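So the structure is just underneath, and the comments pick up after that.
The values are calculated or read from the model by the stated rules, or taken from the named source; none is laboratory data. Please read all numbers here as calculations on a predicted model, not as lab measurements. Backbone-built Cβ (ideal geometry, glycine too); neighbour counts: all protein chains shown. The area values use the complete protein model at the heavy-atom level, side chains included, leaving out ligands, DNA and RNA. Shrake-Rupley method; radii C 1.70, N 1.55, O 1.52, S 1.80 Å.
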Amino acid sequence: MFLINCPYCGERDQSEFVSGGEAHIARPKQPTELNDDQWAEYLFMRKNIKGIQFERWNHAHGCRKWFNVARDTSNDKIEKIYKMGEQPPKL
Amino acid sequence: MSKNLRINNKQFVDETRKLSFVFNGKKLYGYKGDTLASALLSNDIHLVGRSFKYHRPRGIMTSGSEEPNAILQIGNDDALTEPNVRATEIELYDGLICNSQNCWPSVKFDIGGINNFLSPLLPAGFYYKTFMWPASFWGKYEYFIRKSAGLGKSPTKQDPDMYDHRYMHCDILIVGGGVSGLIAAKIASDDNKKVLLLEDKELLGGSLIYDDNDISKIDDQKSSEWLKKLIDNIKNDKNIIIKTRTSLAAYHNYNFLLARQNLTDHLSVNDRNNKIRQRLYKIRAKKVIISTGAIERPQVFHNNDRPGIMLASAVKKYIDYYGVRCGLENVIFTNNDSAYETALSLHKSGTKLNAIVDIRDNSSSEIVNQVKGLGIQIYWNHSVVDTKGYKRINKVTIMKLNDKGNDVIGKKIELNCDCLSVSGGWTPMVHLFTQSGGKLKFDNKDNIFVPDKTNLNQLSIGSAKGDFELDDVLKNSIKDTKKFLNIENSNFDKIDVKCSKEKDKKNIWLLPSDKPLSKTKPFLDYQNDSTAKDIKLALREGFKSIEHVKRYTTTGMGTDQGKLANMHALGIVADTTNTNMGDLGTTTFRPPYTPLTFGTIVGRNVGQFFDIFRKTPMHDWHVDNNAKFENVGQWKRAWYYPKDGETMYDAVQRESKAARESSGILDASTLGKIDIQGTDANEFLNRVYTNAWSKLQIGKCRYGLMLNEDGMVYDDGVTTKLGENHYLMTTTTGGAANVMSKLEDYLQTEWPELDVFLTSVTDHYATASVCGPNAKKIINKIFKNLDLSDESFPHMSFKEVKLGNISCRIMRISFTGELSYEINVEASYGKYIWEKCIEAGKEFNITPYGTETMHLLRAEKGFIIVGQDTDGTMTPVDLQMDWIISKKKYDFIGKRSLYRSDTIREDRKQLVGLLTDDPNEILEEGAQLIKDGNKNPVDMLGHVTSSYFSPTLKKSIALAILKEGKKLKGQKLLVPMIDKTIKVTVSDTIFLDKENERING
Ligand SMILES: [Zn+2]
């Protein structure tokens, strides 16, 4: 069970959070301009890598804020936590 | 018992407190301080069970949690009986009742024992190979396998015991209260750290506490005397919380650990009343020190599993701690020095030791020299090749090893014995370390895996890290703990330790025999009856990965997780395949380290506390009026209100009729409600719903459909415009929390520029929905000054009015197709407004109806229920709801997906109505639709999603999803059931009042 350092509330138990999958997949501004393949890329394709993965997490049973987490999926170590809208760190 | 197996003892067993217990129907005695195992051994009972596959007689082998054989059924009560309890772990209490498992009809005469003679037919993978074919026979095989195998019986009644959960936080968690853990605790406490110390036994001190040899000295004191002073010191230390009888079950990431404390299992049954049986600690530790010690390994030779063959360290503990001799004619078989401590203990207690068999050429350590000086016969460079005695060992046969150690030579020597102590070296208890994700490395010197890399803030010390000699254990524990805690000096820095040092080492994973391997039974995993032969067979058959070998041979898969077996299995695989053990890797240890009862895992979350349930403000009224409830998410919703012994069908028919003919009332409080405010609220609604919201006026309501980005229907509900920048959205009952989360997600991450605020107000308002031709009259009686004319208050509009001081939000919206008003009030007035409606409706036979009638009424109108008629694969087009998709809006959630190549297919499954040819035949929800019953395999075209008998239409109606359903209107289909085939015709989805006339009363 992780300890997650919510950027708004501080360190809390994982049971207070929900994971929202891969981060930095922005919703296209003009979906109607996209062909099926491009739209499918946004809709379905996720990296699911072994190693440092950028993820969205939500403090669902707390402040309900979304934020980003850089997590090493091979050992679940959280390398960095940063707010929505910020660029992913170089790790 | 005529034999005197108790010796004068002892500090740990209280001989003034005699306890009686019953084993396999026979009354026996032991003392306070005994384990069940030591009490059985003191009664000269070794044979306690039968092995799993061959049903060979098996005896107590160890003195701890690694015990593979002495696994008993405790208690004979249907509710309290507990299977698979290790006799070596359970403390004896007065009145304990226990029975052998896995033997039928009795432990002494066991029918399954015949498997032993059939064993050439039961090799590794036997079950996989034999019982697979023919598949239809499996049921028959299973019956016999379960009858003759199986480990114990589960209780058949509800567990009456209480269990508890508790959270704990500490600076340093120390797992294991042996000497290294105690030293670490003291060092940490002296540095002012908050320490939590867990010990699975009743007493602290580990194996050193009963160490009685005079070679081991700490600061010139007998090591056990020195340790007792340290324990006294620690018990009075305010920084250290000690939990004994507490075993660590699981070590999760981020130093989150679960430990189970036994609180009453050692008490006599009468003393347990109203006490919590076990407590599960959920521990979050800043740092963790693992000092779990090591377990001794057996050796692998022919017939190494007979009752009376035990680990040397266990034999020593039974003498030195419990004062129990395990036999009167002893032989020791070893490959290392530690078994010589057993020799000294046997000697000191005046117990006959016939010989020591040692596979090494010689040893000249201090302790071996001491044993040599006692005149005990030692057979150097010899191995045991066989043992005799069916229910108890009575002889061992030994032979000399050749130079390479791969064969035996010379002539056989037979030694008498009723107890054979075996030692094959020691294995560090690295289970918790690996559970936590730590990686091991192989140590060639001692043939052990030791902790290597970890990502966590943790440290392994003592024999858990591979230090086995007292001076190494103490000095390294002190040094490593100081470094781990960043401490410069400790009170132990000048410690002086003396002990015997082992100089000669030798290890043979599978000892040679005078017989071919195929004619021998060298057991590895006693609990699962797997032998060295099985490992070799698995390798011959092509299994290479140790994980596969483990599963194929079932080695290490019992309740002991192969604590004794794993190293030998690895060693034999390495030897056979010429691989280094370090390259082979180990199998994965998984939690729990020792089995946990379900009671401990669930704690207080049982019965009504299993899950929370939500009640509406009108709940008590429903209860008082005989409602049956259904669970919708966590809500308890009134399902139907049976009168005078009505069945559900009868009640629903009556409720539906009343609602259509006069008036009905529904508690709609559970619908999700989200208050939306902000200058961009309207734009927000345009983006999240498929239809257009720009032109909605204040005081008007609109139905909306919400999609996922994949275009599939996600939720629906009516939203009301309360003010210029103020809306009240309703969602489905089950979808409320998800919709709220989804909307917040979009606002925070995709559209942070929108000025919109969302507040969940589901619990803040109660809703009474009054419908039917007389609804207007009823509302008029309550709100006398409210203009209810269609001009002033038309369908899909809203008014806020006062009833006394209560402000009421009334929406004229309808899910039944009838004229209908939904009155929303603050939750605390919910029951009041409900009763007001009931009172006002009396003269119109106002009938409370539940969710079942609501479902029937809306189905007559063809209104969908998201989650019942949809399943996450239905687009609005599939639902024949094209009308709700705005053509003008540039974008909304899911819009782009509505013209993906897959979503525009015309042969998708689509929502249709179904009418049965026999109007009285009601379809089963979930029933499949087919066209041609003679085709094999038959094409499944869809299934029934909603089905009812309509009392208004006097016929059966159903909704279904059907492949190419839109094109099939009017066609005949079949619904195959187990006993018949029902003929149906595809119809429109609206069965009643296609012109929507009823909403105006
Ligand atoms: Zn937070």
For this session: For the range B:428-474, count all C-alpha to C-alpha pairs, find those more than 18 Å apart, and express that count as a whole percent of the total.
Result: 24
Seminar exercise, completed: Helix B:138-148 sits off the longest principal axis of the Cα atoms of chain B, rounded to the nearest 10 on a 0 to 90 degree scale, by 40
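Select from the range B:654-747 those trypsin sites (Lys or Arg not before Pro) which occupy a DSSP coil region and have at most 12 other Cβ atoms within 10 Å, ordered by residue number. List each step's numbers first, then the result.
Working: sites: B:Arg654, B:Lys657, B:Arg660, B:Lys673, B:Arg687, B:Lys695, B:Lys700, B:Arg702, B:Lys721, B:Lys742; in loops: B:Lys695.
Loop-located and lightly packed - B:Lys695.
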Seminar exercise, completed: Distance in nm between B:Lys983 and B:Glu964 label points, each 7 Å along Cα→Cβ, equals 2.2
Problem set entry | log₁₀ of I(q)/I(0) at q = 0.20, 0.22, 0.25 Å⁻¹ - chain A, Debye sum with one point per alpha carbon | -0.96, -1.09, -1.27
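Report the full-extension gain for the segment B:Ser886 to B:Lys352: residue separation times 0.36 nm, less the Cα-Cα distance, to one decimal in nm. All intermediate terms of the calculation are to be shown ahead of the outcome.
Values: separation 534, 0.36 × 534 = 192.24 nm, distance 9.53 nm.
Residue separation times 0.36 nm, minus the Cα-Cα distance, leaves 182.7 nm.
Please identify the trypsin sites (Lys or Arg not before Pro) of the range B:441-525 that satisfy two criteria: DSSP loop assignment and at most 14 other Cβ atoms within 10 Å. Which are they?
Details: sites: B:Lys441, B:Lys445, B:Lys453, B:Lys465, B:Lys475, B:Lys479, B:Lys482, B:Lys483, B:Lys494, B:Lys498, B:Lys501, B:Lys503, B:Lys505, B:Lys506, B:Lys519; in loops: B:Lys445, B:Lys494, B:Lys501, B:Lys503, B:Lys505, B:Lys506.
Within the range B:441-525, the qualifying trypsin sites (Lys or Arg not before Pro) (loop, at most 14 other Cβ atoms within 10 Å) are B:Lys445, B:Lys494, B:Lys501, B:Lys503, B:Lys505.
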Exercise. By what distance, in whole Å, do the Cα atoms of chain B stretch along each of the three principal axes, largest value first?
Worked result: 115, 70, 56
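Please state the charge dipole magnitude for the range B:891-1000, taken about the Cα centre, from unit charges on C-beta atoms (+1 on K and R, -1 on D and E), reported in debye and rounded to the nearest 20.
Numbers: 19 positive and 17 negative charges, 73 e Å.
With only Lys, Arg, Asp and Glu charged at Cβ, the dipole is about 360 debye.
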For this session: Starting at the first residue of the range B:754-760, write each ³J(HN,Hα) from the Karplus equation 6.51 cos²θ - 1.76 cosθ + 1.60 with θ = phi - 60°, in whole Hz, x for Gly and Pro.
Result: 6, 8, 9, 10, 10, 9, 6
Exercise. What length, rounded to one decimal in nm, is gained on full extension from B:Glu202 through to B:Ser828, with 0.36 nm per residue of separation minus their alpha-carbon distance?
Worked result: 220.0 nm
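Quick one: grab the alpha carbon gyration tensor of the range B:517-600, order the square roots of its eigenvalues as a ≥ b ≥ c, and give me rounded if a/c is under 1.5, else prolate or oblate depending on whether a/b is larger than b/c. It would help to have the intermediate numbers written out before the result.
On the way: a/c = 2.37, a/b = 1.59, b/c = 1.49.
It comes out prolate by the Cα gyration axes.
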For this session: State which stretch of chain A is the longest one without any exposed trypsin sites (Lys or Arg not before Pro), exposure meaning a DSSP loop state and at most 13 other Cβ atoms within 10 Å.
Result: A:51-89
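Longer than 21 Å from Cα to Cα, which of A:Lys65/B:Lys742; B:Lys317/B:Lys475; B:Lys615/B:Lys831; B:Lys515/B:Lys536 are they? Say none if no pair is. Let's see the in-between values first.
On the way: A:Lys65/B:Lys742 12 Å; B:Lys317/B:Lys475 25 Å; B:Lys615/B:Lys831 12 Å; B:Lys515/B:Lys536 16 Å.
Over 21 Å Cα-Cα: B:Lys317/B:Lys475.
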For this session: Name the residues whose placed amide hydrogens come within less than 5 Å of the amide hydrogen of B:Leu401, ignoring near sequence neighbours (fewer than 5 apart) on the same chain.
Result: B:His382, B:Ser383, B:Ile409
Exercise. Can you give the Kirkwood hydrodynamic radius for the range B:891-1000, in Å, rounded to one decimal and based on Cα pairs?
Worked result: 15.3
Seminar exercise, completed: Inter-part gap, Cα centre of the range B:702-750 to Cα centre of the range B:908-965, in whole angstrom, is 31
Problem set entry | R0 of 60 Å, Cβ-Cβ distance B:Lys479-B:Ala737: FRET efficiency to nearest 0.05 | 0.65
For this session: Compute the long axis of helix B:736-745 from its Cα atoms, compare it with the longest principal axis of the Cα atoms of chain B, and write down the angle in degrees, 0 to 90, nearest 10.
Result: 90
Seminar exercise, completed: Cα extents of the range B:298-424 along the principal axes, largest first, in whole Å, come to 39, 37, 21
Seminar exercise, completed: Quick calc, B:Gln158 & B:Lys445: beta-carbon distance into FRET formula, R0 41 Å, rounding 0.05, result 0.15
For this session: Starting from the range B:199-260, pick out the trypsin sites (Lys or Arg not before Pro) whose DSSP state is loop and whose Cβ has at most 16 other Cβ atoms within 10 Å.
Result: B:Lys238
Problem set entry | Computed [θ] at 222 nm, helices only, for the protein assembly as shown once each DSSP H run of length n ≥ 4 contributes -39500 (n - 2.57) | -5500 deg cm²/dmol
For this session: Taking H placed 1.01 Å from N in the peptide plane, check which residues at least 5 places from B:Ile295 or on another chain put their amide H under 5 Å from its amide H.
Result: B:Thr427, B:Met429
For this session: Straight distance only, please: which lysines reach the Cα of B:Lys275 with their own Cα at less than 23 Å, same-chain residues fewer than 8 apart left out?
Result: B:Lys32, B:Lys157, B:Lys201, B:Lys243
For this session: Compute the accessible area of each residue in the range B:739-753 twice, once for its chain alone and once with every protein chain present, using a 1.4 Å probe on heavy atoms, and list those whose area falls by at least 40 Å².
Result: B:Glu744, B:Asp745, B:Gln748, B:Thr749, B:Glu750
Exercise. For the range B:402-414, in order, what is each residue's ³J(HN,Hα) by Karplus, 6.51 cos²θ - 1.76 cosθ + 1.60 with θ = phi - 60°, in whole Hz (x at glycine and Pro)?
Worked result: 6, 4, 7, x, 10, 7, 10, 9, x, 9, 6, 10, 9
Problem set entry | B:Asn416-B:Asn580 pseudo-label distance in nm [points 7 Å out on the Cα-to-Cβ vector] | 5.0
Exercise. How far is helix B:339-348 tilted, in degrees, relative to the longest principal axis of the Cα atoms in chain B, given as a value from 0 to 90 rounded to the nearest 10?
Worked result: 60
For this session: State the dimensionless ratio Rg/Rh of the range B:350-401 (Rg: radius of gyration of Cα atoms; Rh: Kirkwood radius).
Result: 1.03
For this session: Please give, to one decimal in nm, the separation of the simple spin-label points placed at B:Asn725 and B:Glu225, each 7 Å out from Cα toward the Cβ.
Result: 8.5
Seminar exercise, completed: Over all viewing directions the Cα convex hull of the protein assembly as shown casts an average projected area in nm² of 51.8
Problem set entry | FRET efficiency for B:Asn233 and B:Asp496, using Cβ-Cβ distance with R0 set to 25 Å, rounded to 0.05 | 0.90
